[in-house]
Amino acid sequence: MAKERSFVDMFFLFLKGLSMGAANKVPGVSGGMVSFVLGFYEEMIYSFRKINYKAFLLLINGRFKSFYNYVNGTFLLLIMGGSVFSYFSVSLLIDYFLRYYELYVWSAFFGMIIGSIYYISREFNDWNKTNLISLFIGISIGVAISFMSPAKENDNLWFVFVCGIIGVSGMTLPGLSGSFILILLGNYVLLLVDSVAMLYKTIIEVFTGDFSFVHDIEQMRYLKIITVFTLGSAFGLIVTSHILGYILKRWHQIITAIIIGFIAGSLGIVWPWKREVYKMNDGVALIDFKGNKIIENYERFFPDFSILQTWIAILFVLLGLGIVILIDKYGVDRNKYTDG
C-alpha cells in the first residue's frame, strides 16, 4: 500500500531522485548506494516489484487509480522524475566540476563512500562466519571490477539493450556503478554522452518546431540507440528489482554484507589520485561526439603530501564524509520498507 506523503516529503523525495540520477551518471559512483544512504532503497526495490502482471491487469482494465496506488505511483514518479531531470541539470553541473576540479570532486565522492560504508555497517552487528564470507565476496567482486580493462565501443542494438539492463544495475545494486560498467563494456561515451547530447538537441529542435532531424541519418541513429538503451534499462530495472526483492526478504543480512563489501571494494574506482588513460589509435587519442578524449581506464598513484593541492583534496574527503554523517544525524528514515 502506498504511503501517505506531505508536500515536504514529496519535495525531498524529488531531491533524492536528483541525487540518485546524478550519481548514476558518474563513473565509480552508485545510484543504488545513494538510495541506500538516503533511506529509500528498499522502498524503491519493492515499488518496482509491483510493476507486475497484476499491475498490468489493473492498467488494461482502466483502473488507473488502483494501478497508481498499487505501484506506489507517487514515490516512483518523484524518484524517477528526479533522476531523469538530473541528467539535464545536476549531472551537467557535475560534468563541469569534473572537467575543472576533478581531484576535488573525486575526493568528495571518496569521502562519501567511506562514510556510506560506516553508515550501512553501523547497524549490522551480526558478523558470523557466513556474513564475513559474504563481505569478502563483495569486496573481491568490487576490486575485480575496478581493475578490469574496457572493451571496444559496440552500437549493435541487441548489445545496447543488454547495456541498458546491466547499466541500470547501478540503481538497484549499491556499490556497483552502472556508468563504470558501461565504460568496461566500451559504451559509456556512446550511451551516456553522445546519445544523451543528441537527445537533448532533438528535444530543443522539437520545441522550436524543427523536425528536420527525421532526415538526418546520424541523428536518427543516436535516437534509435538511446531508445533501445532506455527500453533495456526499464526491462532491467523491473527484472533486477523482482530478483533483489525476493532475495532481500530471504537473505537480508547476507545481501547487506555483500553490499558493504561491494562498496568497500569499489573504492578503487573513485580513488581521487589517478590519471586518465585514453583510447588510442596509432598514437592519437580518440575523441567523442563533443570533441573530448575518450577515457579507457585510470592509472592510480599515491598523493604527494608536499603539495598543497593534496591537502585541499583531503579536506574534500573529510567534507564528503561529513555530509554522510550529517545525513545520519538529522534522521533520514532508514526503517525497513514493507510492501504491504
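The values are calculated or read from the model by the stated rules, or taken from the named source; none is laboratory data. On a predicted model such as this, the values are computed, not experimentally measured, just so you know. Don't worry about glycine lacking a Cβ; one is built from the backbone with ideal geometry, like all the others, and counts go over all protein chains shown.
Okay, here's what the table says:
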read-out: Given (1) outside any loop (DSSP other than H, G, I, E, B); (2) surrounded by fewer than 23 Cβ atoms within 10 Å (Cβ to Cβ), number of the condition residue 111 does not satisfy; value: (2)
read-out: From 154, 125, residue being without any contact (Cβ under 8 Å) to a residue 60 or more places away in the chain and under 30 Å from residue 317 (Cβ atoms); value: 125
read-out: Residue match in the stretch 23-33 (condition: at pLDDT 85 or above and hydrophobic (A, V, I, L, M, F, W, C)); value: no
read-out: Criterion violated by residue 160 - all others in (1) closer than 27 Å to residue 251 by Cα; (2) at pLDDT 75 or above satisfied; value: (1)
read-out: Residues that are of a type in the set (Val, Ile, Thr), surrounded by 15 or more Cβ atoms within 10 Å (Cβ to Cβ) and under 14 Å from the mean Cα position of the chain (by Cα), drawn from the stretch 74-108; value: 79, 90, 94
read-out: Single residue of 250, 275 found to be more than 30 Å from residue 50 (Cα to Cα), surrounded by fewer than 22 Cβ atoms within 10 Å (Cβ to Cβ) and of a type in the set (Lys, Arg); value: 275
read-out: Single condition residue 189 does not satisfy, out of (1) touching a helix residue (DSSP H, G or I) at 6+ places or on another chain (Cβ under 7 Å); (2) within 26 Å of residue 21 (Cβ to Cβ); value: (1)
read-out: Criterion (closer than 30 Å to residue 257 by Cα and aromatic (Phe, Trp, Tyr)) met by exactly one of 159, 97, 147, 85; value: 147
read-out: Residue 182 being farther than 30 Å from residue 316 by Cα and at pLDDT 80 or above; value: no
read-out: All positions within the stretch 174-230 that are within 30 Å of residue 39 (Cα to Cα), assigned to a helix (DSSP H, G or I) and of a type in the set (Ser, Thr, Tyr); value: 179, 188, 230
read-out: Tally of residues being among the small types (Gly, Ala, Ser) and more than 28 Å from residue 45 (Cβ to Cβ) across the stretch 63-108; value: 1
read-out: Qualifying residue in the stretch 222-239 (condition: out of contact with any helix residue (DSSP H, G or I) (no Cβ under 6 Å at 6 or more places or on another chain), small (Gly, Ala, Ser), over 30 Å from residue 115 (Cβ atoms) and surrounded by fewer than 18 Cβ atoms within 10 Å (Cβ to Cβ)); value: yes
read-out: Selection status of residue 99, closer than 26 Å to residue 301 by Cβ and of a type in the set (Lys, Arg); value: yes
read-out: Residue 25 being touching a residue at least 40 places away in the same chain (Cβ under 8 Å) and over 16 Å from residue 324 (Cα atoms); value: yes
read-out: Residue 92 assigned to a helix (DSSP H, G or I) and modelled with pLDDT under 80; value: yes
read-out: Members of the stretch 188-202 found to be out of contact with any strand residue (DSSP E or B) (no Cβ under 9 Å at 6 or more places or on another chain) and either modelled with pLDDT under 80 or not polar (S, T, N, Q) (or both), listed by number; value: 190, 191, 192, 193, 194, 196, 197, 198, 199, 200, 201
read-out: Matching helices (runs of 4 or more DSSP H) fully within the stretch 17-63 where at least 1 residues are touching a Lys or Arg at 6+ places or on another chain (Cβ under 7 Å) and under 25 Å from residue 269 (Cβ atoms); value: 41-49
read-out: Test: residue in the stretch 117-135 that is on the phi > 0 side of the Ramachandran plot and surrounded by fewer than 23 Cβ atoms within 10 Å (Cβ to Cβ); value: no
